[in-house]
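K.L.:
The structure's right below; bear with me while I get my questions together.
Please treat every number below as a calculation from the coordinates, not as lab data. Please read these numbers as outputs of a predicted model, since none were measured by experiment. Don't worry about glycine lacking a Cβ; one is built from the backbone with ideal geometry, like all the others, and counts go over all protein chains shown.
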Amino acid sequence: MFHRKNNLIMIFPQERGISLHNCFVFFLIDVLILDQQMKIVEIKSDFKPFRFWNAKNKGQYVIELACPQSKDYEVGDKIEIK
């Protein structure tokens, strides 16, 4: 919250239900929910400011893309973080 446009990765010790809010974030973001194998299990595109969202699938990783270069990702893709 209250930050400039930055991408963010959240890592949880194990898979869990994901609930997010976008309060005080004044731009759209894309949210990727990943399972423990780093595979995308859910995508929330264009998550609008001042909204709440509950993912339908559990995840261990959450990636918030504040500056998506392209929308070249889809459910089932595997992500590698370097």
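K.L.:
Would you be able to tell me the number of residues in the stretch 28-37 that are farther than 15 Å from Ile18 by Cα and touching a residue at least 24 places away in the same chain (Cβ under 8 Å)?
P.N.:
Going through the stretch 28-37 one residue at a time, the tally reaches 2.
K.L.:
Residues Val41, Val62: which one is over 18 Å from Asn6 (Cα atoms), in contact with a Leu (Cβ under 9 Å, 6 or more places away or on another chain) and surrounded by 10 or more Cβ atoms within 10 Å (Cβ to Cβ)?
P.N.:
Val41
K.L.:
For the stretch 65-82: of the residues being loosely packed, with under 12 Cβ neighbours inside 10 Å and of a type in the set (A, V, I, L, M, F, W, C), which is nearest to Leu28 (Cα to Cα)?
P.N.:
Top of the filtered list is Cys67.
K.L.:
Let me ask something additional. Just one of Phe12, Phe50, Phe27 is loosely packed, with under 12 Cβ neighbours inside 10 Å and either of a type in the set (Phe, Trp, Tyr) or under 17 Å from Ile81 (Cα atoms) (or both); which is it? Talk me through it step by step, then tell me what you get.
P.N.:
On the way: Phe12 fails: loosely packed, with under 12 Cβ neighbours inside 10 Å; Phe27 fails: loosely packed, with under 12 Cβ neighbours inside 10 Å.
Step by step, each of Phe12, Phe50, Phe27 is checked, and only Phe50 is loosely packed, with under 12 Cβ neighbours inside 10 Å and either of a type in the set (Phe, Trp, Tyr) or under 17 Å from Ile81 (Cα atoms) (or both).
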